[in-house]
Amino acid sequence: MSKLRKSDLLYIKRRVVLSGLIVVISAFIWFPMYAVKFTNYRYDFRDIADRKCNMSFSNRNSHPITVLASEPCSGSLWIRTLIEQVTGIYTTSFTNDEILYDEGFLGEQEEWDSGTTLLVEKHSKDVNDDDKFQAVVVLLRNPYDVFVCERSLQQTESYTSRVTSFNDALEKDGDWEEFVKRRAQQWRDSLTSWLTTSRPVMVFKYEDIEDEPQRGILKMLEYMNVTVDETRLPCLQSEQSPYKLSKNPHLELYSPELREIIDQHIEAVLELLEIKGFPQDEKYSVQITTTQEDAL
């Protein structure tokens, strides 16, 4: 057997080094892109370490594009959390929010129209949106709760933090009363646009799901024609989610003038709901508590 020439040894050495570099570079490029596919547990607050609670994406085009339509601070993140826990399938949004992705909503990396996720969260409705989706789930929440929650979100810039002082809720972006008047009109306009879409619509109240999470989520999934594996029901951790919103964060924040304005918008939405076949048994109203601290 002849000895390898020095030039041959150098060639082999270079090929080995080059191959090693290619492997390392490929790992740096591809691992972050696919690591999410192998992430089984996305909730730090989940105590159930069982494979039946694993999370995953469906194959492309597995699900119709169903919009979870709501105003900000209406509880959509909590609903998405519960949907994912019960089904084991991720949800996403139209915005592909990087903050939400970092907080564990791994579906935010997916294209909203890929059909690999169950719900696509969206707040405002655009003119041509009807061509983008097949069905709508409208999520309602008491606007008196929504507006203070939204002001808290503006202050903290966090989906899970809350302002610690009653007066903090009044100090962001100018006058509180102007903020409420503007948002009350937007609340009504946004819900009106979703309720009058040409696509099939189902309406759910955040407060009803809050009272009976499992019943509410199963009803929502039934509307979406999603079959639930009953062995996953213990994965539902509704009380442990940091995205569950607090009740009745208002009181003296709302002057009689503001209440009159908000109640007019509520009445208009309730009338439209009845026309569309979704009559509401209970009217939203302001909740008066005894201390300002209770409002937050």
Determine which residues of the range 69-84 fall in the zone a paramagnetic label at ILE99 would reach in this model, i.e. backbone nitrogen under 15 Å from the point 7 Å along Cα→Cβ.
72-78
By how many nm would the segment from GLU274 to VAL127 lengthen if fully extended, with 0.36 nm per residue of separation less the alpha-carbon distance?
50.5 nm
In the structure displayed, which of LYS125/LYS205; LYS181/LYS276; LYS122/LYS219; LYS181/LYS244; LYS52/LYS122 lie more than 23 Å apart, Cα to Cα?
LYS181/LYS276; LYS181/LYS244; LYS52/LYS122
Simple spin-label estimate for SER246 and LEU233 in nanometres, 7 Å along Cα-Cβ:
3.3
Would you mind checking which residues have amide H under 5 Å from LEU68's amide H? H placed 1.01 Å from N; only 5 or more apart, or other chain.
VAL120, GLU121, LYS122, VAL137
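Any read-out appearing in this document is the output of simple, stated calculations on the displayed coordinates, not a laboratory observation. Since the model is a prediction, treat every value here as computed from it, not as a measurement. Cβ sites come from the backbone with ideal geometry, for glycine too, and all protein chains shown count toward neighbours.
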